[in-house]
Every structure is written in structure tokens, then in C-alpha cells.
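The block underneath contains the structure these notes are about, expressed in C-alpha cells.
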Amino acid sequence: MRARSPSPPLHALSSCLAMLVVAAAAAAQSGPPRTVAEASEWTATSRAADVAAFVEACRGLAHGARLSVRSAGTSEQGRDLLVVRVAEARGKPFPLRALVIGNIHAGEVEGKEALQLLLRELAAGEHGDVLAHCELWLLPVYNVDGNEAVGPKNRPGQNGPDVVGRRANANGLDLNRDFVKADAAETRALLRLFREVDPHLFVDLHTTNGSYHGYHLTYSPSLSPNVDPGVAKLSRALLDDATATMRAQGFATFDYGNFETRDWDGGGAPESERGVRGWWSYDHRARYGVNYFGLRNRIGVLSEAYSYDGFRERTAATHAFVLSLLRGLVARRDEVLAAAAAADRALAHDAVAFGHATKFAPPERLPVLVGDVAEIAGDGDRPLRRVRKGEAVAETMSVFRAFAASASLPLPEHWAVLAPGPDVLARLSDHGVEHEMLSAPRTVRAQRFAIGSKRKKPKYQGHQEIVLTGGWQEPADVELPAGTVLVAARQRLGRLAATLLEPQSEDSLSSWNYFEATTTERYPVLRVPR
Ligand SMILES: [Zn+2]
């Protein structure tokens, strides 16, 4: 009903005023919003709704207009993947973009907390040096369904908080093994963000509960041997810069590794040599987000806080590392833009080789900080904790922090995919790999891959991976039927296309059964040589 009087009744007005006064007093008293971690004295971590409310409160700060909140897509259980774009308002698009995700493994919670602290600082007007040149995309809770599946047994041995989310998504998938097969809704949402934003830097925030070392945080660039050499070189330079910046702030950082490494999760990861004292990295395959991202000709960085430091210290190290990387990215912005453009162009013009049969590269002799931990027993619902103990000791040893292909072949002009199913076409589109379907038969000179053996591995991540051996035959005239899909190697994502399509690729669509039905005595993807 419409009020007769142009002004509201007096009692209503006074109660409105009273509410405004109360709200203003509360805001003045509480100041900027605090995270769940801060408000709980670092004994608890935030749920998805806490993060959304915190970001909304940050938008009310003096420079909150820098933040715009979007959904990058929905999780398997229908939750929004909240992503915050942070940029200074201006007319033209930003030349430089960075994307940082937290919580891909939802028990590893400090990325989520560090990104909230960073968002509050940005909303308060800090870090104008970064925003002057770079647009930020921050996605604090990537595995949002895992984040909500909280419990005290999700991360045994971690030095708090006691109750965290679980590693896997709602379908039991490890999202950091899903970047090629893209089975999870979360992965497909992130691939869309990669396509739409095309970040120059992608940072994936984790926590390691592996070997007892002496670092606050360890990191890795993309370890795929098929990353563009210019991009790989610049990735290493950015990590060296960040190491120096972190050292100046009292944080010790180094390449991610373990004193021994095994196929911990049954996925066929490379293993260290038994009895060889060294520092061994993890894997080169594209199923891991950062390795995958390098194949898009851009810089990927894995960040691993140290599980045996306190929750607050881990969050501080992660926050400092993200800022160090962003400052380094901005400082080297001309090189970054040039390297990305050169890598994209190289695919169109240069002869590029595709490497496979990948092994650890020869080691470097470098000092590694060796640490130790003490155990604090759990009781009831309090899980056991391992806590950093004593001073770390530097020991020079063999450091295996890179991989090298032991075989290679030149990229073709095209790959011809015979009778691709809709799942194959969907994945090529998800990855942003350009392809065209023949509407009429076409005769080309092409090579076929004769299968020597086809082995199925034990069940892993919902699949039984296929491993093929065999050899490419001499080129011959082949009539490609209508419906064949041609994928040009001379495209920006030619390196990624090779990884997805080559029969000898160590992490391809074939590995994950996409071509299982069409792989008989020959492989259903042909090479049309240059
Ligand atoms: Zn992790």
C-alpha cells in the first residue's frame, strides 16, 4: 500500500536512523573485515560463505570498486566458483593478467586465506604498483565442494587448523590430476577462465606434507619438456626474482622436492633412484595444472607452503610469495609480453619438436636445507600434528628439478583425427584447441601410427590409462572421410594439441581412454607432415 504522506511516519524514520547509527558504530568499531582465520586466532579456516561475505565486505572499503566478483562456473554440487577480478578502472584492456587459485586440494587451506588478505589490501588501496600494469584474477576456493566437506581427519600431520576440507572434489577426483581429461566441472570452468582471461601468469597454491626440509615455501615452474624455451627461461627468472624478494623478507624458498620420491598415488609418477640421496621434483605430465599451463605458452607456478609450519606462518609465506611473483611479473612486463607473443608466433612459423619418453634431467649439485619435525600426539577429535623443530642444515646434494625428453619428433602440419566422438570434440573445445571438420572426403599424404602394444594400467582417477607403443609409418596417400577433424599444429596451442593427440604423449586424450574404442591395429590420429 502506498503511503499518503510524502514523508514516512516519524516513528519509522527514527527507527531507521537508530539502525543506521548502530550500523555505523559497528563499522567504526570493527574496522576492515577480518577473515575467519584472524577472528579465530588462526585455529579455524573459512567456509565458502565466509569467503563470499568477506569479499563483499572488502568491496565496501575505500578502494573496493577495484574488486568485481563473478562466478567462474559451478562445481559438481552446484556451488559457484567465486573469482574476483581486481583492476584499476580505466578504459582499455590491461596488457598483463595474472590468475591465482587457492584450495585445489581443500585441506591445504592457506592459499584461500592468503588470497583473502591480499583482497583486503587491494580494496584498501594497497599494491597500486601491481595494479598499474596488471589485472588480477583471484579464485580463493577452487575445490569448493571439498572445502565444505570439513573434518578433523582430512589432513593428518598438518600443523593446524584441526578441521579442514578434503583433498578430492565431490566425485572423488583429484583436481590436480584432471587438467588433460577434464572430467570435473571445476576443471572445465577453469579451462574456460584460461581461454577467456588468457593470464600471463597462473599460480596454484598448495601445502606440502612431504619431506622435512628447511624452507617456508617451495615452488615449481611448469616441468613439461614441451614448454616453449623462452617461456621456460622467463619462468625460472621470475622464480629467482621471487626467491631473492622472499629472502629479503626472511622467507627461505627453493624448488619443490622430496629427499626421495615414489609413485605415491598410483598414477605412475617418476620415482627417485633407490639409495640416492638427492632432492627430487615430482612429475612433468600435463595432468598437473602448472605443467599443463606451460603448454599454453604462459608462465605457470606451483606454490607449496610447508605443512609443519603454523597456519599463520604458512599463510604469511604464501601471501608474500604471491606478491613477490606479481611484483616480479610487473617488473619484467615487457619481457613477459614479448616471450608470450614470441612463443605464440613460433608455433606458426618455426619447426617445433614434440618431446616424449621423459626422464629426470641430469641433476645439479646445490645446497638443500634439511629440517626436522617434532610430533604432537592427537586426542579425540584433535589430529596429530608435526611441527618444525630446530635449525635447518644446508647439505649439498644432487637436485633433480627438471625433466628432459629422451626422444622427439617434429610437429606435423596437421593431425587428422578419424571419426572423433563428441567427447573428443568437446575436450578440444574446452582446451581452446582450434579444429575443423571435413564436410567432404579429402586425400592427403599422411603417416599412420602402427600399434605395437596397448597396455591398460590399474584403475586411477576413474580411468584405466592406456599406454601405447608402436611406430610411425612412411607417408602415403590416405583418403580422409567426411567427419574427420583436422587440427593444425600451426596454432597458438600447437604444443598443447601435440600433448593431447600424439600417440607417444605421456599424458594425452588417448591416455585417458578417449580413443580407446577407435585404437585398433592403428591409432586413429594421423600426421600430415609439413
Ligand atoms: Zn596439494
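The values are calculated or read from the model by the stated rules, or taken from the named source; none is laboratory data. None of the values given here were measured: they were computed from a predicted structure. Don't worry about glycine lacking a Cβ; one is built from the backbone with ideal geometry, like all the others, and counts go over all protein chains shown. We work out accessible area using only protein heavy atoms, side chains counted, and drop any ligands, DNA or RNA first. Shrake-Rupley method; radii C 1.70, N 1.55, O 1.52, S 1.80 Å.
Summary of values
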| quantity | calculated |
| --- | --- |
| Within segment 245-363, helices (runs of 4 or more DSSP H) holding 2 or more residues that are modelled with pLDDT under 95 | 333-349 |
| Those residues of segment 71-121 which are within 20 Å of Phe321 (Cβ to Cβ), away from the ligand (no atom under 16 Å from the Cβ) and among the charged types (D, E, K, R), in sequence order | Arg97, Arg120, Glu121 |
| Qualifying residue in segment 415-431 (condition: open to solvent by 60 Å² or more (accessible area, probe 1.4 Å) and in a strand (DSSP E or B)) | no |
| Residue that is within 21 Å of Ser429 (Cβ to Cβ) and either within 16 Å of the ligand (Cβ to nearest atom) or touching a residue at least 24 places away in the same chain (Cβ under 8 Å) (or both), where the choices are Asp228, Asp174, Asp204, Asp198 | Asp198 |
| Residue list for segment 149-166, restricted to those being among the basic types (Lys, Arg) and either away from the ligand (no atom under 16 Å from the Cβ) or open to solvent by less than 10 Å² (accessible area, probe 1.4 Å) (or both) | Lys153 |
| Given (1) assigned to a loop (DSSP other than H, G, I, E, B); (2) buried (at least 17 other Cβ atoms within 10 Å of the Cβ); (3) touching a Leu at 6+ places or on another chain (Cβ under 7 Å), index of the condition Arg495 fails | (1) |
| Every pair of residues 6+ apart whose Cβ atoms lie under 7 Å, when the first sits in segment 87-103 and is without any contact (Cβ under 8 Å) to a residue 40 or more places away in the chain while the second is surrounded by fewer than 15 Cβ atoms within 10 Å (Cβ to Cβ) and not in a strand (DSSP E or B) | Ala89/Ala65 |
| Segment 436-460 residues that are within 17 Å of Glu479 (Cα to Cα) and part of a loop (DSSP other than H, G, I, E, B), paired with ones that are acidic (Asp, Glu) and modelled with pLDDT of 95 or more (beta carbon under 8 Å, 6 or more apart) | Pro441/Glu479 |
| Matching residues, segment 167-210, being in contact with a strand residue (DSSP E or B) (Cβ under 9 Å, 6 or more places away or on another chain), among the polar types (S, T, N, Q) and crowded, with 21+ Cβ neighbours inside 10 Å | Asn176, Thr207, Thr208 |
| Among (1) away from the ligand (no atom under 16 Å from the Cβ); (2) more than 26 Å from Thr261 (Cα to Cα) - the single one Lys233 does not satisfy | (2) |
| Some residue of segment 50-66 being among the charged types (D, E, K, R) and closer than 24 Å to Arg188 by Cβ | no |
| Some residue of segment 60-76 being part of a helix (DSSP H, G or I), open to solvent by 10 Å² or more (accessible area, probe 1.4 Å) and closer than 20 Å to Ala316 by Cβ | no |
| Qualifying helices (runs of 4 or more DSSP H) (wholly inside segment 90-148; at least 2 residues being open to solvent by 10 Å² or more (accessible area, probe 1.4 Å)) | 110-123, 128-131 |
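Residue by residue, here is whether (1) closer than 27 Å to Val231 by Cα; (2) at pLDDT 95 or above; (3) touching a Leu at 6+ places or on another chain (Cβ under 9 Å) holds:
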residue: Arg382; (1), (2), (3): no, no, no
residue: Arg388; (1), (2), (3): no, yes, no
residue: Ala392; (1), (2), (3): no, yes, yes
residue: Arg401; (1), (2), (3): yes, yes, yes
residue: Glu413; (1), (2), (3): yes, yes, no
residue: Thr443; (1), (2), (3): no, yes, yes
residue: Glu465; (1), (2), (3): no, yes, no
residue: Ala476; (1), (2), (3): no, yes, no
residue: Leu500; (1), (2), (3): yes, yes, yes
